[in-house]
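The values are calculated or read from the model by the stated rules, or taken from the named source; none is laboratory data. Since the structure is predicted, the reported quantities are computational estimates derived from the model, not experimental observations. When we count neighbours, we look across all protein chains shown, and the Cβ atoms used for this are built from the backbone with ideal geometry, even at glycine. These accessible areas exclude ligands, DNA and RNA; they are computed on the full protein's heavy atoms, side chains included. Shrake-Rupley method; radii C 1.70, N 1.55, O 1.52, S 1.80 Å.
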Amino acid sequence: MTPKEFALVGHLLSNINNVFSREALLQTIWSQEWKTESRTIDSHIRNIREKLRQSGFPVDRHLKTIWGVGYKWETN
């Protein structure tokens, strides 16, 4: 994982079941340097999912997209 992807996963894991908007994730992970598009988060999430799938981790059970809102890490 890239450092930003690792930071995203870490933030979501530190806040289980909390939904974060793209903008909130940009502010948290990119802090002062977030002059980027909010869709950047979507690209990073897609890459995280692909990398975790390749390692055999059941990412679809945990990394959830909340349509129209953002993303969350969910536990059963």
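The lone criterion from (1) among the polar types (S, T, N, Q); (2) in contact (Cβ under 8 Å) with a residue 24 or more places away in the chain; (3) in contact with a Phe, Trp or Tyr (Cβ under 8 Å, 6 or more places away or on another chain); (4) assigned to a helix (DSSP H, G or I) left unmet by Asn47 is number (3).
Among the residues of region 52-75, those identified as of a type outside the set (S, T, N, Q) and part of a strand (DSSP E or B) are Leu63, Lys64, Ile66, Gly70, Tyr71, Lys72, Trp73.
Can you confirm whether region 2-24 contains a residue that is in a helix (DSSP H, G or I), basic (Lys, Arg) and out of contact with any Gly (no Cβ under 9 Å at 6 or more places or on another chain)? Step through it out loud before you land on a result.
If we filter region 2-24 for residues that are in a helix (DSSP H, G or I), which is where we start, we get 3-14, 22-24.
After this cut, where a residue has to be basic (Lys, Arg) as well, the list is 4, 22.
With the extra rule that they be out of contact with any Gly (no Cβ under 9 Å at 6 or more places or on another chain), the set shrinks to 4.
Checked against the condition, which is being in a helix (DSSP H, G or I), basic (Lys, Arg) and out of contact with any Gly (no Cβ under 9 Å at 6 or more places or on another chain), region 2-24 yields at least one hit.
Residues that are open to solvent by 60 Å² or more (accessible area, probe 1.4 Å) and at pLDDT 95 or above: does region 21-43 have at least one? No - not one qualifying residue is present in region 21-43.
Cβ-Cβ distances below 6 Å connect the following pairs, each with a first residue in region 1-20 that is open to solvent by less than 70 Å² (accessible area, probe 1.4 Å), a second residue that is of a type in the set (S, T, N, Q) and outside any helix (DSSP H, G or I), and a separation of six or more residues or different chains: Ile16/Thr75. I need the full set of residues from region 35-70 which are of a type in the set (Gly, Ala, Ser) and over 14 Å from the mean Cα position of the chain (by Cα), in order please. Hits for region 35-70 are Ser55, Gly56, Gly68.
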